[in-house]
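Encoded as structure tokens, the structure appears first; notes follow it.
The values are calculated or read from the model by the stated rules, or taken from the named source; none is laboratory data. Given the structure is predicted, the values throughout are model-derived calculations rather than measurements. When we count neighbours, we look across all protein chains shown, and the Cβ atoms used for this are built from the backbone with ideal geometry, even at glycine.
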Amino acid sequence: MKLGIIGLQGAGKSTIFEALTRQDTGSGHRGENLVGTVTVPDYRVDLLKKMYNPKKTVYAQVAYLLPGISNKNDGKSDQKTIIGIRDSDAFIHVIRNFIRFGAKEPEPYNDFKKIDQEFILSDLIVVEKRLERLDLDKKRGKKVDTKEIDLLNQCKEKLEAEIPLRNLPELGQEHLLRGYAFLSAKPVLVLFNNDDENDNLPHVDKLTDTEKCMIIKGKLEQELAYMSEEEAKEFLLEFNITSSAMDRVIKMSYQLLGLISFFTVGEDEVKAWTIKKDIHAMDAAGEIHSDIKKGFIRAEVLAYDDLIDADTYNEARKKGTVRLEGKTYIVADGDIINFRFNV
């Protein structure tokens, strides 16, 4: 899963990318996309690792995309940037909420709306072109999908009213529309990039209905990202901080995409597997290997909390909390699963 980092120039996108990924953007990134993959912090994996002492431990991961930008500096995004992020699953929208020398006072809501309106316009162009093509096909006697036309017209109506499609998740996620990769339909985490001394969200009540919002002190977090583990712990302890803001951003990114983790455990490996919510056990098995899905028999399932309560897997079995589930079982976050299969 990949999140694109968006925002107006000067908002601090590169700073946030470096803080998240510990990947130096340098001066040559302007014309190219950068992707950094990061580990999703998970105390459950930490405890399972201690319990099983495996040869290998694998955490869930999320990728962040910093799109290349043009050399212009007119306070707007550009089409190259839009094209570069279209295949993102969600967005992190970085908004300047700090004073910058030579720049006007920050205007967080206006800055948010500028890019949001560009996304809406981009989606509207896609919809109108597709409707024109379908109308032409219809006139030529070709068979067209009337449901697709109806859905596109619904999108057009909302977009013309400047309503992003993420406000209408049932419409934006319709199967017939998935191939369009509508920008305004993707989930958004809004990061207000604050000064080091500012702990407050700006007054942007209009955003909190459909977008997740949080503050970030970009420069501070960038410095923290490049500290050693010991230095970072001392820094967090000194300022009475339980975890870095970047850890919270990474966790929220995972949640924003509607993802959960199930675990496989053993002496060889403890691993967190990333799946969408509400997935059946058989489909979860396919995330491990197609042969497991093909030969699926049963899933032996133990909830993480039940394992911790029992101390060991064998004790959980004695307590009766280890259960067998069929292919239609909906996997829950934190399930520890051993798939039984035969091929």
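Total residues in the range 34-49 satisfying the condition of being in contact with a helix residue (DSSP H, G or I) (Cβ under 9 Å, 6 or more places away or on another chain) and surrounded by 15 or more Cβ atoms within 10 Å (Cβ to Cβ): the figure is 8. Exactly one residue among Lys76, Lys55 is at negative phi, out of contact with any strand residue (DSSP E or B) (no Cβ under 6 Å at 6 or more places or on another chain) and either at pLDDT 90 or above or loosely packed, with under 12 Cβ neighbours inside 10 Å (or both), and that residue is Lys55.
If you go through the range 98-147 and keep only what is of a type in the set (Gly, Ala, Ser) and within 27 Å of Arg86 (Cα to Cα), you end up with just Ser122.
Being touching a helix residue (DSSP H, G or I) at 6+ places or on another chain (Cβ under 7 Å), modelled with pLDDT of 95 or more and within 21 Å of Tyr52 (Cβ to Cβ) is the requirement here; does Phe263 meet it?
It is true that Phe263 is touching a helix residue (DSSP H, G or I) at 6+ places or on another chain (Cβ under 7 Å), modelled with pLDDT of 95 or more and within 21 Å of Tyr52 (Cβ to Cβ).
Looking across the range 236-248, just one residue is under 16 Å from the mean Cα position of the chain (by Cα) and either in a loop (DSSP other than H, G, I, E, B) or basic (Lys, Arg) (or both), and that is Arg248.
Annotation: Asn167 fulfils all but one of (1) touching a Leu at 6+ places or on another chain (Cβ under 8 Å); (2) surrounded by fewer than 17 Cβ atoms within 10 Å (Cβ to Cβ); the unmet one is (1). When restricted to residues that are among the β-branched types (Val, Ile, Thr), closer than 16 Å to Met51 by Cβ and either touching a residue at least 24 places away in the same chain (Cβ under 8 Å) or assigned to a helix (DSSP H, G or I) (or both), the range 313-336 contains 1. Screening Val127 against (1) more than 21 Å from Cys213 (Cβ to Cβ); (2) at pLDDT below 95 leaves a single unmet condition, (2). Count of the range 100-109 residues, restricted to those that are surrounded by 11 or more Cβ atoms within 10 Å (Cβ to Cβ) and modelled with pLDDT of 85 or more, is 4. Output the number of the condition that Ala310 fails; it satisfies all remaining conditions of (1) in contact with a Lys or Arg (Cβ under 7 Å, 6 or more places away or on another chain); (2) in contact (Cβ under 8 Å) with a residue 24 or more places away in the chain; (3) of a type outside the set (Val, Ile, Thr). The number of the failed condition is (2). Each residue in the range 9-28 was checked for being out of contact with any Gly (no Cβ under 6 Å at 6 or more places or on another chain), of a type outside the set (S, T, N, Q) and either on the phi < 0 side of the Ramachandran plot or not in a loop (DSSP other than H, G, I, E, B) (or both), and 7 pass. Going residue by residue through the range 318-329, is there one that turns out to be of a type in the set (Asp, Glu), in contact with a helix residue (DSSP H, G or I) (Cβ under 9 Å, 6 or more places away or on another chain), under 22 Å from Asp46 (Cβ atoms) and surrounded by 13 or more Cβ atoms within 10 Å (Cβ to Cβ)? Within the range 318-329, not a single residue is of a type in the set (Asp, Glu), in contact with a helix residue (DSSP H, G or I) (Cβ under 9 Å, 6 or more places away or on another chain), under 22 Å from Asp46 (Cβ atoms) and surrounded by 13 or more Cβ atoms within 10 Å (Cβ to Cβ).
Yes or no, residue by residue, for (1) of a type in the set (Val, Ile, Thr); (2) within 28 Å of the chain's Cα centre (by Cα):
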{"residue": "Ile250", "(1), (2)": "yes, yes"}
{"residue": "Leu257", "(1), (2)": "no, yes"}
{"residue": "Val270", "(1), (2)": "yes, yes"}
{"residue": "Ile279", "(1), (2)": "yes, yes"}
{"residue": "Asp283", "(1), (2)": "no, yes"}
{"residue": "Leu307", "(1), (2)": "no, no"}
{"residue": "Glu315", "(1), (2)": "no, no"}
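Screening Leu136, Leu159, Leu165, Leu177 for residues that are of a type in the set (A, V, I, L, M, F, W, C) and farther than 30 Å from Lys212 by Cα leaves exactly one candidate, Leu136. State all residues of the range 129-147 that are surrounded by fewer than 16 Cβ atoms within 10 Å (Cβ to Cβ) and touching a residue at least 12 places away in the same chain (Cβ under 8 Å); if no residue qualifies, say none. Within the range 129-147, Asp145, Lys147 meet the criteria.
When Gly172 is tested against (1) free of Cβ contacts under 8 Å to residues at least 60 places away in the same chain; (2) surrounded by fewer than 19 Cβ atoms within 10 Å (Cβ to Cβ); (3) small (Gly, Ala, Ser), only condition (2) is not met.
Scanning the range 277-299 for any residue that is assigned to a loop (DSSP other than H, G, I, E, B), on the phi > 0 side of the Ramachandran plot and either touching a helix residue (DSSP H, G or I) at 6+ places or on another chain (Cβ under 8 Å) or in contact (Cβ under 8 Å) with a residue 24 or more places away in the chain (or both) turns up at least one such residue. Output yes when any residue across the range 194-205 is part of a strand (DSSP E or B) and surrounded by 18 or more Cβ atoms within 10 Å (Cβ to Cβ), and no when none is. Yes, some residue in the range 194-205 is part of a strand (DSSP E or B) and surrounded by 18 or more Cβ atoms within 10 Å (Cβ to Cβ).
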